[in-house]
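Derivation of every value follows stated rules applied to the coordinates shown; laboratory data play no part. Just so you know, these numbers come straight off a predicted model, no measurement behind them. Cβ: placed from backbone, ideal geometry, glycine included. Neighbour counts: every protein chain shown.
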Amino acid sequence: MAQTQTPYALLAEFDTPADVMHAAEVIHGKGFTRWDVYTPFPIHGMDAAMGLGNSKVGWFAFVGGVAGYGLGMLMIWWMNAIDYPLIVGGKPMFSPFGAFPPAYELTILFGAFGAILGMMFLNRLPRWYSPLFKSARFAKVTHDKFFIVVESTDPKYSEAEIRRLLELAGSKHIELVEE
Amino acid sequence: MASTVPDLKVAPPPRELEREPLVANNRSIGWISDRVAGIVEGKTPMWWWMAFIPSALGAAVLGAMLLYQISVGVGVWGNQHPVMWGWDIINFVWWIGIGHAGTLISAILCLLRQRWRTAVNRAAEAMTIFAVMCAGIYPALHVGRVWFDWWLFPIPTANAIWPQFRSPLMWDVFAVSTYFTVSALFWYVGLVPDLAVMRDRARTKIRKFAYGLFALGWTGSNRHWSNYEKAYLILAGLSTPLVLSVHSIVSLDFAVSQVPGWHTTIFPPYFVAGAIFSGFGMVLTLLVPLRQMLKLEDIITMRHIDLMCKVTLATGSIVAYAYGMEFFIAWYSGSEYERFAFINRAIGPYAWGYWAMIICNTIVPQIFWFKRFRNNLAIVFIASILVNIGMWFERFVIIVISLHRDYLPSSWGYFIPTPVDILTYLGTFGMFFTLFLLFLRFLPMIAISEVKAVTPQADPHHPAGGAKGGHH
């Protein structure tokens, strides 16, 4: 069965967070765009080293929270004051004070869903396949190894040049991952 | 692979800033995965079965009791006039209060950057979820006709009737269901990177598939971590007001009524402090033996136990203050019904319950002022159980003692629980421990990635993390 394998990315392994951070600064400094750092835990300062901006998850949570509060208040007003008014203890049919606790809970509920679904959307998760899973060494990414991956679709991609940069930055093992 | 990293020379911090490390014995980050995942991957230990079988039997007893209650009616419980809220509501408040420590550890301590939380948050959050499940059973069954429980939710039906949102009981439905949902989401989000750890270590196809499915294809990409950490921080920020609101709303179930002993403005903060107090009691009850049985002493160190004892002491002292203030205000209010309610607590027919509460909740935690007691695991374990007993009596005092003698002496009574009450309560322990033991067996009980991140080896600016000195 003849199959043409196209390279997906160059994968470089590092032993310490300091090494991978230094290498990330180098790759970022050279102006690569389609690349990433893979680590067993979030490394403090890596976002700055990679030149990443502030995550946009906050907006999703904010929209969720506002929607939850607004929907909660509207729902309670419509149900208790419009569609099924019922006199209870001489209380007003609708009062923002009485409606606040459930609307507040809905703010949190929708805000939490906003944060999680926003995070999954921005990360394009779930996605159960990645060419990186083919590399046996990459399985250590959840254990104690650190990786830099430069994808072949990067406009500046050049295997020899990237190999040289990453070796210089202290990578002890570099391999080509196929699509 | 070496199980330790070389002990590197680091300029020591000033003496007053020195702290014991969060992971003892210089364990490497690989060791953390091996140790925690090893619990799940190893053979099922004998003690697990010895704990699981009685727990599962207890859960079966719970099922039988609930079935009996549903088929016969609420009359099988001891609730009767004038004490219409009995063990069911006591146990509801007790279980949900226990849950609060898990959220405090996962959310509030996250916002306060208490890095020691990473060692205990996973197990504490699991405790929260299972405790809220136990709690939820009681109000659902207490309504009497459990098959109408869906009327509590705003679902459009042919009846054209909507829930009545001016009642605190309705607020409670929203508070508890949101609490359960958000706690479960928070817990799962925290689990995703660790499920990827389990996936990458899995030796069998079934394990690889099962952990891989729930790991969502997590790769540890830093672009992912960036969004993930933001989402985690926001969840912590949302859970903090949530946990404060849940027990506040539970307390409003009481405070909005006119019953002497219930109608007080101190209830929301007093309930929240009590909830966190009892929750830490339960966290200590679970983790003190577990860290030994699962050999996690290097991750859940004595410093962790020490800090949790201090939180117990602080919240216990707030609770003690609330008891005193409540008594003072009852006298200061000038209302004779209010005064009677409190004097009746201390010297009435249920005085034994009141004094059990006072001893367990105000006196016992005070031993934690002394390091000697905080460092003695046997004493910590016993005190944590006494805290749980005391907090059960607190709810007993609030509910039963307030209700059994209110305005009209002609309708005073004395509440006695039935065997069904007692077996249902014991049954919820069976359910709780069954779920908790299954959690220990199948999921990493320590947040592996989070613990790794607080070691010096994870810090790129620390020599242990590979920093060459002066580079950054």
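Of the helices (runs of 4 or more DSSP H) lying entirely inside region B:1-116, none contains at least 3 residues that are surrounded by fewer than 20 Cβ atoms within 10 Å (Cβ to Cβ) and on the phi > 0 side of the Ramachandran plot.
Annotation: of all residues in region A:63-76 being more than 9 Å from every other protein chain (Cβ to nearest Cβ) and of a type in the set (A, V, I, L, M, F, W, C), the one that is farthest from B:GLN164 (Cα to Cα) is A:VAL63.
The lone criterion from (1) outside any loop (DSSP other than H, G, I, E, B); (2) crowded, with 19+ Cβ neighbours inside 10 Å left unmet by B:TRP162 is number (1). Out of B:PRO168, B:PRO156, one residue alone is surrounded by 17 or more Cβ atoms within 10 Å (Cβ to Cβ) and more than 7 Å from every other protein chain (Cβ to nearest Cβ). It is B:PRO168.
Scanning region B:335-343 turns up at least one residue that is more than 25 Å from the chain's Cα centre (by Cα), loosely packed, with under 15 Cβ neighbours inside 10 Å and free of Cβ contacts under 8 Å to residues at least 24 places away in the same chain. For region B:137-153, a tally of residues being touching a helix residue (DSSP H, G or I) at 6+ places or on another chain (Cβ under 6 Å), surrounded by fewer than 18 Cβ atoms within 10 Å (Cβ to Cβ) and part of a helix (DSSP H, G or I) returns 4.
Of the residues making up region B:448-468, those that are in a loop (DSSP other than H, G, I, E, B) and in contact (Cβ under 8 Å) with a residue 60 or more places away in the chain number 3.
On the stretch given as region A:98-139, residues that are free of Cβ contacts under 8 Å to residues at least 40 places away in the same chain, surrounded by fewer than 22 Cβ atoms within 10 Å (Cβ to Cβ) and either basic (Lys, Arg) or assigned to a loop (DSSP other than H, G, I, E, B) (or both) total 8. Considering only residues that are in contact with a helix residue (DSSP H, G or I) (Cβ under 9 Å, 6 or more places away or on another chain) and among the hydroxyl-bearing types (Ser, Thr, Tyr), look in region A:85-118 and name the one that is farthest from the other protein chains (Cβ to nearest Cβ). The extreme case among them is A:THR107. Yes or no: B:SER410 over 26 Å from B:ASP34 (Cβ atoms), over 24 Å from the mean Cα position of the chain (by Cα) and part of a helix (DSSP H, G or I)? Against the criterion (over 26 Å from B:ASP34 (Cβ atoms), over 24 Å from the mean Cα position of the chain (by Cα) and part of a helix (DSSP H, G or I)), B:SER410 qualifies. One residue stands out among those in region B:222-255 that are of a type in the set (Phe, Trp, Tyr) and in contact (Cβ under 8 Å) with a residue 12 or more places away in the chain: the one that is farthest from the other protein chains (Cβ to nearest Cβ), which is B:PHE254.
If you scan region B:177-191, which residues turn out to be at the interface with chain A (Cβ under 9 Å from one of its Cβ atoms) and out of contact with any Phe, Trp or Tyr (no Cβ under 7 Å at 6 or more places or on another chain)?
Listed by number, the residues that qualify are B:SER177, B:THR178, B:TYR179, B:THR181, B:VAL182, B:LEU185, B:PHE186, B:TYR188.
Evaluated against (1) buried (at least 21 other Cβ atoms within 10 Å of the Cβ); (2) closer than 24 Å to A:ALA61 by Cβ, B:CYS134 falls short on exactly one condition, (2).
Residues in region A:119-128 that are facing another protein chain (nearest Cβ under 7 Å), more than 10 Å from B:LEU235 (Cβ to Cβ) and not basic (Lys, Arg): A:LEU122, A:ASN123, A:LEU125, A:PRO126, A:TRP128. Restricting attention to region B:23-46, the residues that are more than 13 Å from chain A (Cβ to nearest Cβ) and under 18 Å from B:LEU290 (Cα atoms) total 9. The residue pairs whose first member lies in region B:200-221 and is at the interface with chain A (Cβ under 9 Å from one of its Cβ atoms), whose second member is surrounded by fewer than 16 Cβ atoms within 10 Å (Cβ to Cβ) and of a type in the set (Asp, Glu), and whose beta carbons are closer than 8 Å, counting only pairs six or more residues apart or on different chains, are B:ARG201/B:GLU41.
As for region B:93-115, it holds no residue that is under 15 Å from B:VAL311 (Cα atoms) and among the aromatic types (Phe, Trp, Tyr).
Look through region A:45-78, keep the residues that are in contact with a His (Cβ under 8 Å, 6 or more places away or on another chain) and under 18 Å from B:GLY220 (Cβ atoms), and return whichever of them is surrounded by the most Cβ atoms within 10 Å (Cβ to Cβ). In this case the residue turns out to be A:ALA49.
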